[in-house]
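The values are calculated or read from the model by the stated rules, or taken from the named source; none is laboratory data. Everything quoted here is computed from the prediction, not taken from an experiment. Here the Cβ is made from the backbone with ideal geometry for all residues, glycine too, and neighbour counts use every protein chain on show. We work out accessible area using only protein heavy atoms, side chains counted, and drop any ligands, DNA or RNA first. Shrake-Rupley method; radii C 1.70, N 1.55, O 1.52, S 1.80 Å.
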Amino acid sequence: MSAIERLPEFEQPVDNGLLRFLTCGSVDDGKSTLIGRLLFDTKTILADTLHSIERTSHRRGLEAVDLSLLTDGLQAEREQGITIDVAYRYFTTGRRKYIIADAPGHEQYTRNMVTAASTANLAIILVDARKGILTQTRRHSYLAHLVGIPHLVVAINKMDLVDYDQAVFERIRGEYLAFAAQLGIKDVRFIPLSALNGDMIVDRGERLGWYQGPTLLDILESAPAAHTESDERFRFPVQYVCRPQKADDPKLHDYRGFMGRVESGEVAVGDEIVVLPSERRTRIKDIQLYGQSLPRAFAEQSVTLLLEDEIDISRGDMMVHPEKSALVTRQIDAMVCWLAEAPLDPQRKYLVRQTTRESKAMVGGISYRVDINSLEQAPAERLAMNDIAKVSFKLAQPLCVDRYAENRATGAFIIIDESTNNTVGAGMIL
Amino acid sequence: MSTATQSHSTLSHLDWLEAESIHILREVAGQCANPAMLFSGGKDSIVMLRLAEKAFRPGRFPFPLLHVDTGHNYSEVIDFRDARACELNERLIVRSVEDSMRRGTVVLKSADESRNKHQSVTLLEAIEEFGFDACIGGARRDEEKARAKERLFSFRDGFGQWDPKNQRPELWDLYNARVHKGENIRVFPISNWTELDVWQYIESEKLQLPSIYFAHTRPVVRKGGLLQPVTEITPVKPGDVIEDVLVRFRTVGDITCTAPVESDAATVAAIIVETATTTVTERGATRLDDQTSEASMEQRKKEGYF
Ligand SMILES: Nc1nc2c(ncn2[C@@H]2O[C@H](COP(=O)(O)OP(=O)(O)O)[C@@H](O)[C@H]2O)c(=O)[nH]1
């Protein structure tokens with residue numbers, strides 16, 4: 001690991017922003033090895049960490065360094081030899097920063113994967129070349145699609161164990177495409193890999209000459225960042241209202257700044273906006289970020305908006321453009337993933353949090369539960385942990401929503417159990 | 001960040017991280033009745049203060065600053081802490097491990113035992129004294145394995161304990177800071193930052209830092225590959241060889257457990273180059289206490305450590 005190799009990259013002014021992606025696979029497909037490879041080959045792993053996993057590898061009687069140890073998690077998990085919770089890893093290439101959400105392949109799988117997927121813009125789905133497409137592969141793909149990850153990469157791993165045979169790759173690819181079409185998955189690419197040997201991850205290696213496409217890292221480097229692909233309609237949920245009212249500064253006497261993050265779209269000074277749910281209209285007077293006035297603000301920027309007219313606005317309200325408003329509603333249909341040990345009880349009231357808004361909610365009905373192995377729909381009375389179902393809710397307060405398929409920020413909600421304050425469900429509005 | 005001049009909607013990775021952290025801080029302000037922000041005078045907490053300024057100015061911070069002082073900190077850092085709080089015109093609360101020792105709630109095994117891990121007790125006492133329902137801290141997930149699975153909003157029970165097996169699911173950017181009385185949420189707005197991101201941000205924001213972050217000559221003793229500074233609290237032992245070495249601190253904390261690294265980096269830019277090319281992790285290079293057991297951080301966190 002030479003220091004000199006890394007230096008020039010940091011001199012480059014290129015900054016492709018940040019990409020969040022998810023890795024998923026069944027146990028032993030090579031997920032940990034793949035992540036270890038990415039970290040190792042991009043020189044993210046530092047000498048002391050490497051020494052520590054070398055020691056562990058030797059203690060366990062392994063000959064080579066086991067890169068999968070890099071992503072080994074907590075003590076409890078080490079004892080059981082499994083990963084039970086989503087872990088986040090970081091690496092940078094000098095051109096782009098990456099956040100990997102590493103979703104474990106064991107029990108509580110659905111819940112972990114939905115969690116990891118919720119913030120990802122790309123998913124790598126690992127397939128063992130010897131085993132081909134399994135039930136788990138379908139399940140991962142369904143969940144990635146359900147949670148709206150726009151880009152899927154099917155990584156066919158352990159190519160070294162099938163003699164780097166192109167026919168194996170093509171067969172798996174064909175099989176996958178057939179069922180992806182059924183699910184409605186559009187953006188999917190395929191890549192042959194050997195995570196163990198590092199072929200086609202950062203370096204091309206020498207044994208996959210028949211594959212002409214980009215390496216895995218090339219795919220990651222060129223994948224669009226989430227905010228460049230978000231819904232074009234302006235959505236600004238108000239998080240906090242700033243009223244400094246400093247006696248010694250008359251300029252601030254009437255200051256009322258509405259603080260929040262642009263969840264999608266763009267807004268400019270002078271734009272007419274509507275405040276939901278009140279439907280009051282006004283114009284944008286100024287857009288501020290730490291004393292600086294900006295002409296406009298766009299998706300994923302945290303800013304403060306000042307308005308022409310004094311209207312009553314508080315946390316939970318949402319600003320939109322009048323011609324592209326959101327739906328204000330007291331009734332929603334959603335795909336729900338149940339996250340808690342205690343099952344969903346249709347008799348109880350829950351709390352729903354969507355953007356910066358909350359409402360008490362009652363279950364109107366469960367239309368069906370999805371069997372996540374067969375992907376078939378069946379009626380259900382209650383929901384247990386890891387269940388996915390279509391559920392309707394009646395709300396005490398109106399929410400300002402979009403369909404999740406169109407807007408991941410305004411179409412998502414969590415369900416909170418007020419007796420424990422625990423987050424018990426995740427919903428995606430239909 | 002100079003977003004004003006950008007022609008199309010692209011965010012650099014630092015812009016994105018900054019926007020996420022501001023969003024998190026505003027969620028704390030919106031959801032919690034009585035939060036506090038930990039501020040030690042270290043680089044991560046200095047970054048946090050700038051983020052809080054970006055989140056809440058021209059208003060005041062909707063929380064006081066809180067420092068848990070072991071009494072074994074470098075005076076440069078403590079002076080910096082006080083000056084910065086004063087300059088920002090924000091309220092600073094200091095609670096000290098020495099007070100807990102006087103109360104008898106902290107008992108050292110021996111007089112020279114590090115007070116670092118006992119900060120948890122003093123922190124929990126401060127949380128109780130002020131009734132804080134949330135504490136905002138500057139920990140990062142890249143620091144250590146046990147942190148990689150930490151939530152941005154991390155629930156602690158009435159004993160301040162973290163239960164890694166029973167964490168609240170955290171999806172999208174919908175954070176759940178709800179607690180019952182006596183329980184607490186720890187919030188980590190710079191979870192997704194790495195050490196390099198922190199230095200790059202310090203550079204782009206031109207943030208001031210305590211002088212010991214930059215190269216200076218200091219008497220040290222070499223111990224097990226680490227440099228132990230010679231101070232009143234960490235005096236030389238018989239047989240120790242004192243050397244004057246050009247060093248800087250990568251992290252500043254309790255004197256007994258933070259080691260400097262050899263470096264001639266006298267500016268933030270030079271530190272960035274060093275950080276980008278370094279071969280040892282921040283904790284590996286500088287923590288005199290983490291070496292004992294791979295799982296030591298996880299253990300401490302379960303007991304309420306930040
Ligand atoms: N031959 C071969 N073995 C691999 C490859 N990738 C991973 N493995 C091995 O497969 C086993 C499981 O890998 P691991 O990364 O722990 O899988 P995980 O359970 O998906 O994280 C380990 O023994 C790896 O060394 C590969 O590309 N080729």
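Taken as a whole, the structure leaves B:Ile212 outside the set of residues that are touching a residue at least 12 places away in the same chain (Cβ under 8 Å), open to solvent by 60 Å² or more (accessible area, probe 1.4 Å) and within 23 Å of B:Ser114 (Cβ to Cβ).
Looking at B:Ile202, B:Ile255, B:Ile233, B:Ile271, which is the one that is open to solvent by 30 Å² or more (accessible area, probe 1.4 Å), away from every other protein chain (no Cβ under 12 Å) and in contact (Cβ under 8 Å) with a residue 12 or more places away in the chain? Break it down into steps so the answer makes sense when it comes.
Numbers: B:Ile202 fails: open to solvent by 30 Å² or more (accessible area, probe 1.4 Å); B:Ile255 fails: open to solvent by 30 Å² or more (accessible area, probe 1.4 Å); B:Ile271 fails: open to solvent by 30 Å² or more (accessible area, probe 1.4 Å).
When all the criteria are applied, what remains is B:Ile233.
Just to check your reading of the model, which residue among B:Arg151, B:Arg140, B:Arg168 is basic (Lys, Arg), over 15 Å from B:His180 (Cα atoms), in contact (Cβ under 8 Å) with a residue 12 or more places away in the chain and open to solvent by 10 Å² or more (accessible area, probe 1.4 Å)? Give the derivation first.
Details: B:Arg140 fails: open to solvent by 10 Å² or more (accessible area, probe 1.4 Å); B:Arg168 fails: over 15 Å from B:His180 (Cα atoms).
Answer to the check: B:Arg151.
When region A:298-329 is filtered for residues that are open to solvent by 50 Å² or more (accessible area, probe 1.4 Å) and not in a loop (DSSP other than H, G, I, E, B), the ones remaining, listed by number, are A:Glu323, A:Lys324, A:Leu327, A:Val328. Residues in region B:100-124 that are open to solvent by 50 Å² or more (accessible area, probe 1.4 Å), of a type in the set (D, E, K, R) and modelled with pLDDT under 85: B:Lys109, B:Asp112, B:Lys117. Of the residues making up region A:199-212, none is under 27 Å from the mean Cα position of the chain (by Cα) and either away from the ligand (no atom under 15 Å from the Cβ) or within 14 Å of chain B (Cβ to nearest Cβ) (or both).
Quickly run through region B:174-189 and pick out the residues that are assigned to a loop (DSSP other than H, G, I, E, B) and in contact with a strand residue (DSSP E or B) (Cβ under 8 Å, 6 or more places away or on another chain). Correct list: B:Tyr175, B:Asn176, B:Ala177, B:Arg178, B:Val179, B:Glu183, B:Phe188, B:Pro189. In region B:154-164, the qualifying residues are those that are outside any loop (DSSP other than H, G, I, E, B) and more than 10 Å from chain A (Cβ to nearest Cβ), and the one that is farthest from B:Ile22 (Cα to Cα) is B:Arg156.
Selection within region A:138-164: residues that are of a type outside the set (Asp, Glu) and without any contact (Cβ under 8 Å) to a residue 40 or more places away in the chain. The member of this set that is nearest to the ligand (Cβ to nearest atom) is A:Leu161. Screening A:Leu196, A:Leu122, A:Leu183 for residues that are within 13 Å of the ligand (Cβ to nearest atom) and either modelled with pLDDT of 95 or more or not aromatic (Phe, Trp, Tyr) (or both) leaves exactly one candidate, A:Leu196. Would you check which residues across region B:1-32 are in a helix (DSSP H, G or I), at pLDDT below 95 and either among the small types (Gly, Ala, Ser) or closer than 15 Å to A:Cys242 by Cα (or both) and list them? Answer for region B:1-32, where residues must be in a helix (DSSP H, G or I), at pLDDT below 95 and either among the small types (Gly, Ala, Ser) or closer than 15 Å to A:Cys242 by Cα (or both): just B:Ala4.
The set of residues in region A:250-292 being closer than 18 Å to A:Gly316 by Cα, without any contact (Cβ under 8 Å) to a residue 60 or more places away in the chain and polar (S, T, N, Q) consists of A:Ser278, A:Thr282.
Among the criteria (1) among the charged types (D, E, K, R); (2) buried (at least 22 other Cβ atoms within 10 Å of the Cβ); (3) closer than 29 Å to B:Ile127 by Cα, the one B:Asp197 does not fulfil is (3).
Of the numbered criteria (1) open to solvent by less than 10 Å² (accessible area, probe 1.4 Å); (2) β-branched (Val, Ile, Thr); (3) not in a loop (DSSP other than H, G, I, E, B), the one B:Ile127 fails is (1).
Within region B:25-55, how many residues are at the interface with another protein chain (Cβ under 8 Å from one of its Cβ atoms) and either aliphatic (A, V, I, L, M) or surrounded by fewer than 24 Cβ atoms within 10 Å (Cβ to Cβ) (or both)? Qualifying residue count for the region: 5.
Does region B:83-98 contain any residue that is in a loop (DSSP other than H, G, I, E, B), closer than 27 Å to B:Cys32 by Cα and open to solvent by 50 Å² or more (accessible area, probe 1.4 Å)? Yes.
Of the residues screened, A:Glu341 is one that is within 14 Å of another protein chain (Cβ to nearest Cβ), open to solvent by 10 Å² or more (accessible area, probe 1.4 Å) and within 15 Å of A:Thr110 (Cα to Cα). Among the residues of region A:411-425, are any in a loop (DSSP other than H, G, I, E, B), in contact (Cβ under 8 Å) with a residue 40 or more places away in the chain, within 12 Å of chain B (Cβ to nearest Cβ) and touching a Leu at 6+ places or on another chain (Cβ under 6 Å)? Scanning region A:411-425, I find at least one residue that is in a loop (DSSP other than H, G, I, E, B), in contact (Cβ under 8 Å) with a residue 40 or more places away in the chain, within 12 Å of chain B (Cβ to nearest Cβ) and touching a Leu at 6+ places or on another chain (Cβ under 6 Å), so the answer is yes. Look at region A:29-42: where a residue is open to solvent by less than 20 Å² (accessible area, probe 1.4 Å) and a partner is near the ligand (Cβ under 8 Å from one of its atoms) and part of a helix (DSSP H, G or I), sitting 6+ places away or on another chain with Cβ atoms under 6 Å, you get A:Ile35/A:Thr71; A:Gly36/A:Leu67; A:Gly36/A:Ser68.
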